[in-house]
Amino acid sequence: MDRCPLCFGTFQKPKLLPCLDTMCFTRLDEYVLKHARASGTFPCPVWGLELPVPDGGVSKFDDNQHIKVEQTLERALAAPGGHVPCETRMRERPFGVLLKKLLLYIFIYL
């Protein structure tokens, strides 16, 4: 997904939810404030699953590093010369390996 399902724009400070959906931090924060339940949960805006609000609020959800790397690569490739710094490529590898393992696990066991 390359667009936020709440604002339909390019991700700004993408936050990864426990259900693996991603939302812009600001839009997610607004959504959680509006839809939070007394039990400390809120419904996922995409699937409706009840998700816990972390202690400390939405800012405590992990950043979606995959999307951040993709955005960095897109900006680098769009720049004059299209140079991609080595450290950007290196940071991408661990998440890519993890994602491949996760997809393999899902394919095998589900």
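Throughout, read-outs are computed from the coordinates displayed, never taken from laboratory work. Just so it is clear, the structure is predicted and the values come from calculations on it, not from any experiment. Using ideal geometry, Cβ is built from the backbone for each residue, glycine included, and neighbour counts are taken over all protein chains shown.
Between GLU70 and THR10, what is 0.36 nm times their sequence separation minus the Cα-Cα distance? Round to one decimal in nm.
20.4 nm
In square nanometres, what is one fourth of the surface area of the convex hull spanned by the alpha carbons of region 14-60?
The directionally averaged projection comes out at 2.9 nm².
Residue separation times 0.36 nm, minus the C-alpha to C-alpha distance between ARG3 and LYS34: what's the value?
Stretched out fully, the ARG3 to LYS34 stretch lengthens by 9.0 nm.
Just add up the charged neighbours of CYS7: K/R +1, D/E -1, any other residue whose Cβ is under 10 Å from the Cβ of CYS7.
That sum, taken over residues with Cβ under 10 Å, equals +1.
If Lys and Arg each add +1 and Asp and Glu each add -1, what is the summed charge of the other residues whose beta carbon sits under 13 Å from the beta carbon of LEU28?
Result for the neighbourhood of LEU28: 0.
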